[in-house]
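Attaching a single structure in structure tokens format; questions to follow.
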Amino acid sequence: MSRNHPAPLHRRRYTGCGEVDYGRQVESVNILIVKLSAIGDVVHTLPSLAALRKLYPDAHITWVIEEASSDLIQDHPYLDRVIVSRRKRWIDELQHGRIDTPLREIKSFIHDLKARPYDLVIDFHGLFKSAMIVSLSSGKRKLGYDSMQELSGLFLNEKIPEDMEKHAVDRYLDFPRYLGAYVNEPEFLIPIGEEHRNRVERLLLINGIGKQDRFVTVSPVALWDTKLWEDKKFALLCNRITEELKVRVVFTGSDRGKLEHVQSMMSVSSINLGGETTLRDLAYAYRLASLMVTTDSGPMHIAAAAGTPVVALFGPTDPTRTGPYGKGHTVIRRELSCSPCFLKKCDTMKCMRDITVEEVFNAVKEKLTEINKGTAKEG
């Protein structure tokens, strides 16, 4: 990549009056991004990566990330290196008495982390697990939030305020803006290669969907039980999309069994790509789709980053903080006194169960009508 000479990196601190003090200039060549998980959070950090690259075109930028989300940033043109943490696998193996392999890999991970002295380490995560990475790194400036969540702030020597009323994308962009970046339109670059395009197009073609055919992707999965909508409702919705709107339905997600269960309750055919795609495959599949219907999940954020209109079902979480980012999306939620609660367990899950098939179908119908008129999705 051809890059211009980097701008000097300024050491700054907040004065507490909304202003920034400039100290000694330091020429930055090595930057470490710490954002370990989850899929949506990694997607939300992509605009900050782009802003840092534009601010320091010649900097060597490394990203430390956990295994489950790492495919999203492999081969990224704005990154020079990706260091993958297999933390969950290591913990599982150690708990089952398998010591040699995880210890060897942990030692290698720490060696890789310390191999380069970093001028700037940014903790986008703000948790104890990310603070450990910051502490292990050979970083001069260790920048993060002043929230002290899980005592992560103890491992920093430079902090900025964390505004939880902002969307996560804008909250993360506070870091490059603090460093001097100007961000007008956030850039979500997911590196999709020819192998991803070929694999997705082949999977769709063998299921009867060509390049000119319209389809809607549906992701009924979520990490939290409280984010789920009933499978039967998804089935009824997909029946209506197929029969009344004459659009094919393509299910996506890692839990193929969950998708098959929804399909078993449908009266029409649908396509199940569950477990057959990588994260970057999904990004391309969503780019080809006319629309996505989803719970609050990682795939929702990938679809929004790919520029695809999203109809998102929200309950225990706050769409102003973590909803699909950008224009052209529809969020369906109930205005209940208990929502958002951010709870992973709930006896009633009323916020999700009160969402009806009719209102979701109407939102899909309206959005597809907009798309047909060329007002919701370009290209």
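Straight-line reach from Lys88: which aspartates and glutamates fall under 12 Å, measuring Cα to Cα and dropping same-chain residues less than 8 apart?
Result set, ordered by chain and number: Glu66, Glu67.
On to the next question. Rounded, prolate or oblate for the range 199-266? Axes are the square roots of the Cα gyration tensor eigenvalues, ordered a ≥ b ≥ c, and the cut-off for rounded is a/c under 1.5.
Oblate, since a/c reaches 1.5 and b/c is not below a/b.
About the Cα centre of the range 9-178, how large is the charge dipole given +1 on each Lys and Arg Cβ and -1 on each Asp and Glu Cβ? Please answer in debye to the nearest 20.
Dipole about the Cα centre, nearest 20: 460 debye.
Going through the range 300-361, which trypsin sites (Lys or Arg not before Pro) have at most 12 other Cβ atoms within 10 Å and a DSSP loop state?
Qualifying residues, ordered by number: Lys327, Lys344, Lys345.
Right, next: Past 26 Å, Cα to Cα: identify those pairs from Lys142/Lys327; Lys246/Lys350; Lys232/Lys373; Lys233/Lys365; Lys129/Lys345; Lys35/Lys107, in the order given.
The pairs that break the limit, which is 26 Å between Cα atoms, are Lys142/Lys327; Lys246/Lys350; Lys232/Lys373.
For the Cα atoms of the chain, what angle does the longest principal axis make with the long axis of helix 194-206, in degrees from 0 to 90, nearest 10?
With rounding to tens, the tilt is 10 degrees.
Using +1 at the Cβ of each Lys and Arg and -1 at the Cβ of each Asp and Glu in the chain, identify which of Phe361, Gly40, Leu120 lies farthest towards the dipole's positive end.
Ranked along the dipole, the leading option is Leu120.
Here's another thing I want to ask about it. Taking the Cα atoms only, what angle lies between the long axis of helix 357-372 and the longest principal axis of the chain, rounded to 10 degrees?
80 degrees
Report the full-extension gain for the segment Arg202 to Asp80: residue separation times 0.36 nm, less the Cα-Cα distance, to one decimal in nm.
Gain on extension, Arg202 to Asp80, equals 40.8 nm.
Right, here's the next one. Let a ≥ b ≥ c be the square roots of the eigenvalues of the Cα gyration tensor of the range 150-260; is it rounded (a/c under 1.5), or, if not, prolate (a/b larger than b/c) or oblate?
Prolate.
Just for the chain, what percent of DSSP beta bridges are antiparallel, to the closest 5?
Percent antiparallel among DSSP bridges in the chain is about 10.
So how compact is the chain: Cα radius of gyration and Dmax in angstrom?
21.9, 68
For the range 194-372, give the magnitude of the charge dipole about the Cα centre (Cβ charges: +1 Lys/Arg, -1 Asp/Glu; no others), in debye to the nearest 20.
160 debye
Please compute the Cα-Cα pair-distance distribution of the range 230-379 with 10 Å bins starting at 0, giving whole percents from short to long.
11, 40, 40, 9, 0
Then there's this: Please list, by residue number, every one of the GluC sites (Glu not before Pro) in the range 318-362 that is coil in DSSP and has at most 11 other beta-carbon atoms within 10 Å.
Sites meeting the loop and neighbour criteria: Glu335.
What's the local net charge at Thr320, with K and R +1, D and E -1, over the other residues with C-beta under 9 Å away?
0
Net charge near Ala131, counting Lys/Arg +1 and Asp/Glu -1 over other residues with Cβ under 12 Å of its Cβ?
With Lys, Arg at +1 and Asp, Glu at -1, the neighbours total 0.
For the range 104-200, just say rounded, prolate or oblate: build the C-alpha gyration tensor, square-root its eigenvalues into a ≥ b ≥ c, call rounded for a/c under 1.5, and beyond that prolate if a/b exceeds b/c, oblate if not.
oblate
Would you mind getting me the FRET efficiency between Ser267 and Thr356? Use the beta-carbon distance for r and R0 = 22 Å, nearest 0.05.
Working from the Cβ atoms, E equals 0.70.
How are the Cα pair distances of the range 9-178 distributed, in percent, across 10 Å bins from 0?
Taking every Cα pair in the range 9-178, the percentages come to 10, 38, 37, 12, 3, 0.
Could you give each residue of the range 66-75 its phi-based ³J(HN,Hα) in whole Hz, using Karplus coefficients 6.51, -1.76, 1.60 with θ = phi - 60°, and x for Gly or Pro?
7, 4, 4, 9, 5, 4, 4, 10, 5, 6
Quick check for me: using +1 on Lys/Arg Cβ and -1 on Asp/Glu Cβ, what's the dipole size of the chain about its Cα centre, in debye to the nearest 20?
Charge dipole of the chain: 360 debye, to the nearest 20.
Further question on the same structure: Gap in Å between the Cα centre of the range 200-261 and the Cα centre of the range 265-314?
Centre-to-centre distance over Cα atoms comes out at 8 Å.
Select from Thr252, Tyr172, Pro340 the residue farthest towards the positive end of the dipole of the chain; place +1 on Cβ of Lys and Arg, -1 on Cβ of Asp and Glu, and compute about the Cα centre.
Tyr172
Out of the DSSP beta bridges found with both residues in the range 9-178, what percent are antiparallel (nearest 5)?
The antiparallel fraction comes to roughly 20 percent.
Where a number appears in this text, it was derived from the coordinates with a stated rule and is not lab data. Please read all numbers here as calculations on a predicted model, not as lab measurements. As a convention, Cβ positions derive from the backbone with ideal geometry for all residues, glycine included, and neighbour counts pool all protein chains shown.
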